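This report concerns only the one structure given below.
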Amino acid sequence: MYKSFLKTSVVIMAMAAGTINAKTLQQTENDTVVKLEDIVVSSLKVEKKVSDAPISISIVNAVKLDKRQVFTVADGLNDEPGIFMGGDGVWSKNVNVRGLGEDRLVTMVDGNRIETATDLTASLSMIDPNDIERVEVIKGAQSVLYGSGAMGGIVNVITKDGHFADEFYVGGNVLAGAASVNASNSEYVRVNAGDKRWYVKLNAGHSSGDDMKTPQGKINNSGYEMSDIAMRAGFKAADNHIIKLNLQHNLSTDVGIPGGAAFAATATARYKDISRTLLNLNYEIRDLSKTFTSLEFSGFVQDIVRNVEMNPNTITEKVLPNGNIQVTKPTLVTPTGTHLTFGGKAQATFSLSKNNTMIAGVDVWHRNITSDRTKHITVTVQDTLGNVIKTNEIERGESPLPKASFTSAGIFVQDEMRLLNNRLNVTVGGRIDGIFVENEECHDVDYIITNGNLNDHPAGQRITFEKGSKQDLSWSANIGAIYKITGKLHLVLNGARSYRSPSLEERFKYIDLTSKVRLGNPGLKSEDGISGDIGVRFWGDKFMVQTSGFVNKINNMVVERDGIFIYNTTDGATETIPALILDNVGKAMLYGVDFNCNYNIVNGLSVFANASYIKGLDKSNDSDLPNVPPLKGVLGVSYTYDKVGTVSVEVTGVGEKKHIADHEKPTSAYGRLDIALNSRVMTLGDIGLQFFGGIDNVTDETYTNFFSTNRSDINYEPGRNFYIKGKIIF
């Protein structure tokens, strides 16, 4: 029903597009190349140009996403320096920034936290790539601005919005595309309208794909279907009073999870459905006085619901004392989880002088998690001849995590000073946070139904987590500077103290692997880190280069280690079981360098390149840190002919990864060739047309992704892929 409604919405909006005669082509779409240093970013709590930000930033905008074939946000970030993609399939993707994964990044959509399970995140997969204006990735600690979790950086996905205008307008676009590598298709429609006092943007999208093809065959169970609807609106109550509303709903169904660290290697799993719903309201008052430049209030509610179906594909046989054989076959496991996050922020901006800007604020966010897991098991008893003597159908209800909540409340201040006639910009900030965690008592099994008979108190029922609460007080600080050696050559320095309070999953998860359990730890301490970044930037008319070296030290690192789980049963007994237990046992150090440049040789012809190298060490035992990516580089050339369009050729090279942590697999070096083409925007009256196409992995190279291979059993990445897209702009 939902799918039918969505497709009907797309058709209606497309029909409306055909009847609109609006002179808004230049207002709604702009294919002009903007210099990187002039791009304004918003993830720093105050809008500023990239050239004025004393941190390392990667920006991927809608123009680039349109030109490439991207199934999720992570696909669009994969060729950026210092950013790497992995995941549990085509749809379920995650990113790693300078050696730190999503559990040490703050992931946001339009500045609002996305909080979901750490074992199966997929946080970047619940956003339609066609509705993205840009993605801002801040590489490096940002706990001062965003609190817990921002030890490795920020990934902020900013969706398309409407805008105020001097006169009434109506516009938008229709986009459709297809790709060969998984027989995928996508459709997207957006309509904008507004004037001086109000605007509204409505959009709907749909995409689906079959199993992914590789040079070695298909990746079974890798298909997906996704639908997305959203609305953004703005209203000026007065010239300096602005109210904005943001409503989004994303639903994905039949999503294959061919990998998945949370499941056994023999299992087949899929998201039966997974949804994300966001409601965000923002109120800003500008120009209160010459000194008090703005006051902003923002609140959000975001709900993520995950329903998984997993077939263990295992059979266990046991010989009974009488010689009969007991055969146990789990037939279906259905984990579910509801992740509700809500919060608010109040922020003030002050212009203390011509060369001094300060922001100060308070933000609070709260996360509730509710989860359950149902196991369906068939147990048969057979005689020595294989005849079935008895059959028991068992339904076992479990709680993977207790009902638990995580609350964070913080106060932050950051001051930017422009000194030496604007040749030196210095930014200093600090933050204090209180963290409050609560949980209910939890058992390994809540009930057992055997052949229809319910037992609410099974014998030997384990108490996995006692009811409890914990409070933490954490602080963070940063200092950054940009020194303009010349008008175009800048030296950039940044240092920060960051922290991360362990997630609810890390504190309370209980995953039964039969022979042992994977266990959270309610007593985990917060991680804290010190990071530094030094870089050089050159913003020339034809040549741009950014390079930076970084180091990030983390104390009290949360790692998984072998141990013994000592538990009490509801019968009063104390027992033990082997376990993989999370604990604060590690001290980590990551360091490396990344590089990015672009050279416009002649008008329309440019070459570009980037590279990154990262090394990670577990200082507690002088071993290699897990999840550290291999050496990566990108080299490409792009040519634009104004009357036709642009063609680009790009080669990605990834080095061999043989220095690995325990339990990881080494991967070989590989090179991949991609070609992308796009036409210029062709106008037909008030309508614009644009086409995109290309070939990914032109040579059909067989290669492995270090992160996907080590997270799951995905041994090969997609083969040669032909794709095409068409856009109507009105």
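All of the numbers you see were taken from the coordinates with simple rules; none came from a lab. The shown structure was predicted, so the numbers you read here are calculated from the model rather than taken from an experiment. Backbone-built Cβ (ideal geometry, glycine too); neighbour counts: all protein chains shown.
Contact order for region 38-189, expressed relative to its length and based on alpha carbon pairs under 8 Å spaced 6+ residues apart, stands at 22 percent. With the convex hull constructed from alpha-carbon coordinates only, region 181-239 shows a mean projected area of 5.6 nm² over all directions. Extension gain, M589-K236: 0.36 nm per intervening residue step, less the Cα-Cα distance, totals 122.2 nm.
In the chain the Cα-Cα distances spread across 10 Å bins starting at 0 as 3, 13, 23, 26, 20, 9, 4, 1, 0, 0 percent of all pairs.
About the centre of its Cα atoms, region 627-666 shows a dipole size close to 40 debye [charges on the beta carbon of Lys, Arg (+1) and Asp, Glu (-1) only; nearest 20 debye]. Projecting the alpha carbon convex hull of region 557-618 along each direction and taking the average yields 8.1 nm².
Each principal axis of the Cα cloud of region 427-535 was evaluated for its coordinate range; sorted largest first, these ranges are 80, 26, 22 Å.
Note on region 624-730: Rg/Rh from Cα positions, Kirkwood definition for Rh, rounded to two decimals, is 1.15.
Taking a Cβ cut-off of under 12 Å around I154, the surrounding Lys, Arg, Asp and Glu residues balance to a net charge of +2, with basic ones at +1 and acidic ones at -1. Summary value for the chain: 11 percent relative contact order, contacts being C-alpha pairs under 8 angstrom separated by 6+ residues.
If you fit an axis through the alpha-carbon atoms of helix 2-19 and take the longest principal axis of the Cα set of the chain, what angle between them do you get, 0 to 90°, nearest 10? Once rounded, one gets 10 degrees. Distance between the modelled labels on S353 and D662, one decimal in nanometres: 5.7 nm (7 Å Cα→Cβ projection). Within region 620-664, the percentage of alpha carbon pairs spaced more than 16 angstrom apart rounds to 61%.
With 0.36 nm allotted per residue and the present C-alpha distance subtracted, the N313-L631 stretch has 110.8 nm of extension available. Under 5 Å from the amide H of G140 lie the amide H atoms of G153, I154, each residue being 5 or more positions distant or on a separate chain, with H modelled from the backbone and absent for Pro and chain starts. Using the Karplus relation 6.51 cos²θ - 1.76 cosθ + 1.60 with θ = phi - 60°, the per-residue 3J(HN,Hα) values for region 181-195 come to 5, 9, 6, 8, 9, 9, 9, 8, 9, 9, 10, 10, 8, x, 8 Hz, with x marking Gly and Pro. Across all C-alpha atoms in region 296-431, the radius of gyration and Dmax reach 29.3, 93 Å. When the charge dipole of the chain is built from unit charges on Cβ atoms (+1 for Lys and Arg, -1 for Asp and Glu) and taken about the Cα centre, the candidate among P718, A183, V109 whose Cα reaches farthest toward its positive end is V109. Comparing Cα centroids, region 607-675 and region 221-247 end up 34 angstrom apart. The calculated 222 nm mean residue ellipticity attributable to helices in the chain amounts to -1500 deg cm²/dmol, summing -39500 (n - 2.57) over DSSP H runs of n ≥ 4 and dividing by all residues. The distance from the alpha carbon centre of region 324-400 to that of region 430-476 is 12 Å, rounded to a whole number.
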